[in-house]
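What follows is one structure encoded as C-alpha cells, with my remarks underneath.
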Amino acid sequence: MSFSETISPFFGRCAFVLFFLKSAMDILGNWHSIATDMAAKHVPIPPLVLLVVLLLIAMGSISLLFGYHTRHAALMLFGLTMIAAVTMHDFWHFPDGHERADQFGMFVRDFAISGGLLLMVGLGPGPFAVDSRGKNGGGGKKR
C-alpha cells in the first residue's frame, strides 16, 4: 500500500473534522442569531435543536478524528448535514438575486460535504484508524 493510500484518508478525515468544528464554533459564536433564523424557518425549539446539533458534531468529529466507528459517524454527520442544507439553506424560497445565490452556494457546499461523507461510509476510514487496527486496513472489512 502506497504512502498516499495510507495517509490521505486520515487527512481527509481531518478536513471533515476541521469543517465541523468550525461549524460548531460558528454556532457557539452566533447562538442567538442562528436560533432566530431557525425559528423563522419553523424549526421547533431552536435552542434544544442547536444543543443536539453541537453534541452530534462533537461526537462525530471525535469519531472521525480517531477513526473510531467512522462509518457510523460519517452516516450521522451526513444526515445532519443534509437536514441542515434542506432546512437552513432553502434557496428555492428566495427570489432571484444575491441572497438566493448565497443560499444556493451554501446548499451546494453542504451537498458536496455530504457526498464526501457517503464516500467514507462506503470506503471506510482507511488504514490509519482505530477501526482498522489489526485488520489489514480498509475499515475492518475482510479481504
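Overview of results
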| quantity | calculated |
| --- | --- |
| Within the range 20-39, tally of residues that are touching a residue at least 40 places away in the same chain (Cβ under 8 Å) and surrounded by fewer than 17 Cβ atoms within 10 Å (Cβ to Cβ) | 2 |
| Residue within the range 42-52 that is part of a loop (DSSP other than H, G, I, E, B), on the phi < 0 side of the Ramachandran plot and more than 11 Å from the chain's Cα centre (by Cα) present | yes |
| So VAL130, is it touching a residue at least 24 places away in the same chain (Cβ under 8 Å) and either in contact with a Gly (Cβ under 6 Å, 6 or more places away or on another chain) or closer than 25 Å to LEU50 by Cβ (or both) | yes |
| Near pairs, Cβ below 8 angstrom, 6+ apart or cross-chain, from the range 40-57 (more than 19 Å from LEU77 (Cα to Cα)) to any residue that is among the charged types (D, E, K, R) and surrounded by 12 or more Cβ atoms within 10 Å (Cβ to Cβ) | LYS41/ASP90 |
| Filter result for the condition that a residue is surrounded by 14 or more Cβ atoms within 10 Å (Cβ to Cβ), of a type in the set (D, E, K, R) and farther than 19 Å from THR81 by Cβ, over ARG100, ARG109 | ARG100 |
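FYI, it's all coordinate maths here, none of it is from the lab. Source: prediction; values computed, not measured. Glycine gets a Cβ as well: all are built from the backbone with ideal geometry, and neighbour counts include every protein chain shown.
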